[in-house]
1. Criterion first (within 17 Å of G165 (Cα to Cα) and surrounded by 16 or more Cβ atoms within 10 Å (Cβ to Cβ)) does L61 satisfy it?
2. Of the residues I187, I216, which single one is of a type outside the set (K, R), in contact with a Phe, Trp or Tyr (Cβ under 7 Å, 6 or more places away or on another chain) and farther than 29 Å from V101 by Cα?
3. Looking only at residues in the stretch 45-71 that are part of a loop (DSSP other than H, G, I, E, B), more than 25 Å from the chain's Cα centre (by Cα) and not aliphatic (A, V, I, L, M), which one is nearest to Q14 (Cα to Cα)?
4. Among helices (runs of 4 or more DSSP H) lying entirely in the stretch 157-255, which contain 3 or more residues that are in contact (Cβ under 8 Å) with a residue 40 or more places away in the chain?
5. Please state which of the following conditions V101 fails to meet, knowing it meets all the rest: (1) surrounded by 16 or more Cβ atoms within 10 Å (Cβ to Cβ); (2) assigned to a helix (DSSP H, G or I).
6. For the stretch 226-257, what are the residues that are surrounded by 16 or more Cβ atoms within 10 Å (Cβ to Cβ) and of a type in the set (V, I, T)?
Amino acid sequence: MNKIKINVENAEYQIIKSLKINRIKRNKLNEIFVEGIECIKQAINSNMEITRIIVKDINKLSNWGKCTIKKYGNIKIIEMSDKLYSGLTDKISPSEMLITVKIKQYTTDDINVKNPFIIVFDRPSDYGNLGTIIRSANAFNVDGIFIIGHGIDIYESKVIRSSLGSIFFTKIVTIESMQKLTEYINIQKVKNNMEIIGTDSTGTNMLNNCKLNKPIMVIIGNEAKGMSVKLKEICDKIVKIPIDGNINSLNVSCAASIMMWEIFKKNI
């Protein structure tokens, strides 16, 4: 067992902490920090490459924890003081284990299916919303999520937790520019006759009157600003979800989940 004991904030500790809080460091090392038992289990189930297992006391782990240590006995097993461990987690009652894993990078070439179902999220700005959309996308068989524009890091630990670990089973592609997105759409228009659907509370097409089928791309706007003008211009139609009440719009993750369900239910 490659066991390391840490009692001070040494170089190894600083690397682990930077993976939790520093987007640039995560991208540079191609690693991410994962906490929460369910998220850790999903990372393991998805065959992510585990690089470190971090615990307070190996001898006090549950049977599951001890089995996990045994399974990954050839990687770094880091045992650290309660104070250092608590400094790595946001939780009042931290889980018995933390891990770091290698990131899987995807491109549009990895979304290679006959009738693709794609979600595009424009400049996501809320960790919980992004994590929830990833979770719904996994539940409703979305083939890929495209992130476009400057927004939060998809591998921030709050996003991972909000996704309940479904992020490890989801192909998420960062789109560099509108040109790259347009090139992908043009190919899919010719190859699959893909329909591009925007979602907005000012849309002129009511969801209950629309027939949405794969192949399809659904564009979700930024939480505060909605879809950019350029994204609206590439849509075949912009759809509005009919609602009743005093509020004129839905939370973006709720709206996205409703849209995904409408498409998914036709293929059950």
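1. So L61 does not fit the description; no.
2. Only one candidate passes the filter, namely I216.
3. So the residue we want is K56.
4. Here the list reads 157-162, 178-192.
5. That leaves (2) as the condition not met.
6. I234, I238, V239, I241, V252
Coordinate-derived values only; no laboratory data. Bear in mind that the values here come from a model prediction, so they are computed numbers and not experimental data. Cβ sites come from the backbone with ideal geometry, for glycine too, and all protein chains shown count toward neighbours.
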